[in-house]
1. Quick one: what pairs do we get from the range 133-162, first residue closer than 17 Å to PHE179 by Cα and modelled with pLDDT under 80, second aromatic (Phe, Trp, Tyr) and surrounded by 16 or more Cβ atoms within 10 Å (Cβ to Cβ), C-beta under 8 Å, 6+ apart or different chains?
2. Do you know which residues across the range 1-57 are over 17 Å from LEU78 (Cβ atoms) and of a type in the set (D, E, K, R)?
3. In this structure, does SER118 turn out to be assigned to a helix (DSSP H, G or I) and modelled with pLDDT under 85?
4. Of all the residues that make up the range 1-43, how many are part of a helix (DSSP H, G or I) and more than 19 Å from the chain's Cα centre (by Cα)?
5. Pairs only if they're at least six apart or on different chains, beta carbon under 7 angstrom, first in the range 1-29 and within 14 Å of LEU249 (Cα to Cα), second surrounded by 17 or more Cβ atoms within 10 Å (Cβ to Cβ) and among the acidic types (Asp, Glu); list them, first residue then second.
6. Go over the candidates SER75, SER56, SER65, SER43 one by one and state the one that is under 18 Å from PHE210 (Cβ atoms), at pLDDT 95 or above and of a type outside the set (Phe, Trp, Tyr).
7. State whether one or more residues within the range 39-60 are in contact (Cβ under 8 Å) with a residue 24 or more places away in the chain, touching a helix residue (DSSP H, G or I) at 6+ places or on another chain (Cβ under 6 Å) and more than 21 Å from ILE259 (Cβ to Cβ).
8. If you take the residues of the range 1-15 that are more than 15 Å from THR256 (Cα to Cα) and out of contact with any helix residue (DSSP H, G or I) (no Cβ under 8 Å at 6 or more places or on another chain), which of them is surrounded by the most Cβ atoms within 10 Å (Cβ to Cβ)?
Amino acid sequence: MTKKLKLIIIITITVVMVVYWAALAATETKYKTVNYWWQACMSASAIIFGIFGLFSAKQWSWLKSGVGKSVFFISLGLISWGLGQGVWSYDVLTNPSNQSPNSLLLNVLYFAGLPLWSYGIIKLSKASGARYGLRSTWAKILVAALTVVMLTISYVMLVNVARGGSSYFHQGYSFADIFWDLGFAAGDAINLILVLAIYGLSWRYLGGRFKRPITIMLLAFVFLYLADFWFSYRDGLGVYYNGDWVDLLYILTVATFGIGLCLLDPRSSKLSPAQQGAGKPQEPQVAPATAMPVEALLPPSPFPASPAPIDSPSAETAPVASTQQPTEPQPPASSGIGSI
């Protein structure tokens, strides 16, 4: 599958999903089967885009290169998230009364994407040279300060505002419930800090081929953090429903991941399908060399050419070179005019 075709499919699916969501929002459709099927379509979109990312990893020799490892694990994270979304869709289709399903399988599939994405970010930073921006002391201090700020904001909004403060931890919830409830936003915050720190401080080290896909990947992690943060916030308030505007952020997250992974495909979209299908750079075609006479390659003689005998063939009709063996010398003509 060509790079251009993957981009066309990703953009087409995204446009259809956004129009689908806009129709639900415009008609204020809530708690209907059509809302739950939208969630199922988003699950399929994430899995398809993740598979497209695996196609890009193939062009980097899978796990044999740093970029290949990065694309592979980020794609696996997207597929894992899509599978978790599939479990979510099944739960709400079979039990519509529960707008926010909560099962171990669902949480594990969702949460598995976080370490896969983290590992992919680190591998991409090493392959692109971005890690050099974190070598200075002030850069490390900035990362630590940014981590504290973002986690503090997340705690205040998700616990103090949405869940009534510290009393939330004394309402009989198990550690697992609290972990799954708040862990996604915290994990997204860590991944976002990692991306901002590595690539924000190392922008000048990035090569031209990496800047655009990495910028799009950064945008994907921003969308993911905002989506998980606001979902947790609205779910804590008890106002979330399937097809909520938060879900628009999720489909934008999935689409942005897909486009970024597709752009990391090293093949040029300007190549022909036959060249793109080969998966390797094509050798340049060289025109065959034109045969040249040996005399043209020799330096000019410093001595003037001897005049041809009168009775010899003219220069125009004389052969340029002979391929036959030399014959015995002939005696000079009787007049002797043409000889020296």
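The values are calculated or read from the model by the stated rules, or taken from the named source; none is laboratory data. Model, not experiment: these values are computed from the prediction. As a convention, Cβ positions derive from the backbone with ideal geometry for all residues, glycine included, and neighbour counts pool all protein chains shown.
1. Qualifying pairs under 8 Å: ALA162/TYR233.
2. Result: LYS3, LYS4, GLU28, LYS30, LYS32.
3. no
4. Going through the range 1-43, the residues part of a helix (DSSP H, G or I) turn out to be 3-26, 33-43.
With more than 19 Å from the chain's Cα centre (by Cα) added as a condition, the list becomes 15-26, 33-43.
Residues that pass the stated criteria total 23.
5. Close Cβ pairs (under 7 Å, with a partner that is surrounded by 17 or more Cβ atoms within 10 Å (Cβ to Cβ) and among the acidic types (Asp, Glu)) amount to TRP21/ASP247.
6. Working: SER56 fails: at pLDDT 95 or above; SER65 fails: at pLDDT 95 or above; SER43 fails: under 18 Å from PHE210 (Cβ atoms).
Answer to the check: SER75.
7. Looking through the range 39-60, at least one residue is in contact (Cβ under 8 Å) with a residue 24 or more places away in the chain, touching a helix residue (DSSP H, G or I) at 6+ places or on another chain (Cβ under 6 Å) and more than 21 Å from ILE259 (Cβ to Cβ).
8. Applying the first criterion (more than 15 Å from THR256 (Cα to Cα)) to the range 1-15 yields 1-5.
Those still in the list that are out of contact with any helix residue (DSSP H, G or I) (no Cβ under 8 Å at 6 or more places or on another chain) too: 4-5.
Working: LYS4: 17, LEU5: 14.
Per the stated criteria, the residue is LYS4.
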